[in-house]
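Only one structure is covered here, and it is reproduced in the block below.
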Amino acid sequence: MVTFNFNLFPLLRTNRLILRKLSQNDVNGIFNLHSNEQIIRYTTIKKYEKVEQAIEYINKIEKGIRENKYMVWSLIKIEDNSFLGTICLWKFSDDFKYAQIGYDLLSEFQGNGFMQEAMEEVIKFAFNNIKLKRIIADLQFDNDKSAKILEKNYFKKEYVYDTISKEGIITKMMLYTLKDKKYFKVSKAAMIYE
């Protein structure tokens with residue numbers, strides 16, 4: 001049974017970031033993310049060629065938020081209001097005991113700790129406010145940067161497996177999990193709703 005209404009979308013803050021609901025204001029940022037081959041190389045996203053694809057993507061996310069399927073935050077730098085990337089919770093279990101986390105960051109902002117700040121807040125929110133029991137992350141075997149940030153946030157690698165695409169391409173994947181820990185229950189994420 002769903003006990004959290006995604007339409008009351010939480011605005012989260014870190015020292016340097018505001019995490020707010022993805023919106024049509026982020027079209028250029030989403031296009032820049034999804035048209036960058038280095039950023040999408042570890043995803044199933046096909047490279048965007050036109051801005052309209054970003055508009056369609058945001059429309060899909062907005063519909064998913066209304067239907068309690070996704071929570072997608074835009075990472076906004078407080079200093080200059082610039083769009084840095086996104087972080088999301090999605091693939092919620094029917095009983096809302098677990099969900100998958102996903103994230104991406106524009107190349108020019110990588111390596112500065114922004115995703116670490118965002119991930120800490122989203123994890124606290126997931127455990128303390130949605131009351132998830134487990135967060136999972138599914139990533140390609142050679143995605144070292146993503147594995148590193150997961151491990152920094154206490155995710156444990158559960159196993160490695162292969163997937164086969166419709167085209168017959170085999171991809172080696174890793175599944176990471178993070179269980180609800182007392183560490184994240186110290187304080188509730190400060191909540192402001194849009």
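The values are calculated or read from the model by the stated rules, or taken from the named source; none is laboratory data. Quantities reported herein were computed from a predicted structural model and do not represent experimental measurements. Backbone-built Cβ (ideal geometry, glycine too); neighbour counts: all protein chains shown. We work out accessible area using only protein heavy atoms, side chains counted, and drop any ligands, DNA or RNA first. Shrake-Rupley method; radii C 1.70, N 1.55, O 1.52, S 1.80 Å.
Of the residues LYS124, LYS152, LYS21, the one that moves most in a GNM of the chain with alpha-carbon contacts below 10 Å is LYS152.
Separation of the stretch 1-60 from the stretch 79-133 is 11 Å, based on Cα centroids.
Extension gain for the segment GLU67 to LYS166, taken as residue separation times 0.36 nm less the Cα-Cα distance, is 32.8 nm to one decimal.
Taking 30 Å as R0, compute the FRET efficiency from the Cβ-Cβ separation of GLU79 and ASN59 and round it to 0.05. So the FRET efficiency works out to roughly 0.50.
If you average over every viewing direction, what projected area does the convex hull of the Cα atoms of the chain give, in nm²?
Details: hull surface 44.3 nm².
The number I arrive at for the chain is 11.1 nm².
I'd like the carbon and sulfur percentage of the solvent accessible area for the chain, probe radius 1.4 Å, heavy atoms only, ligands and nucleic acids excluded.
Working: 5480 of 10930 Å².
Looking at the chain in its full context, I get 50 percent from C and S.
For the stretch 1-53, taking the reciprocal of the average inverse distance between every pair of different Cα atoms yields a Kirkwood hydrodynamic radius of 13.5 Å.
Comparing VAL72, VAL160, VAL27 in a Gaussian network model of the chain where C-alpha atoms under 10 Å apart are linked, the largest mean-square fluctuation is found at VAL160. At a probe radius of 1.4 angstrom, the accessible area of the chain per residue rounds to 56 square angstrom.
Length, then width, then depth: along the principal axes, the Cα atoms of the stretch 105-149 run 33, 23, 14 Å.
Of all the C-alpha pairs in the stretch 51-94, what % are more than 15 Å from each other? Don't skip to the answer; put the middle values down first.
On the way: 499 of 946 pairs.
Of all Cα-Cα distances in the stretch 51-94, 53 percent exceed 15 Å.
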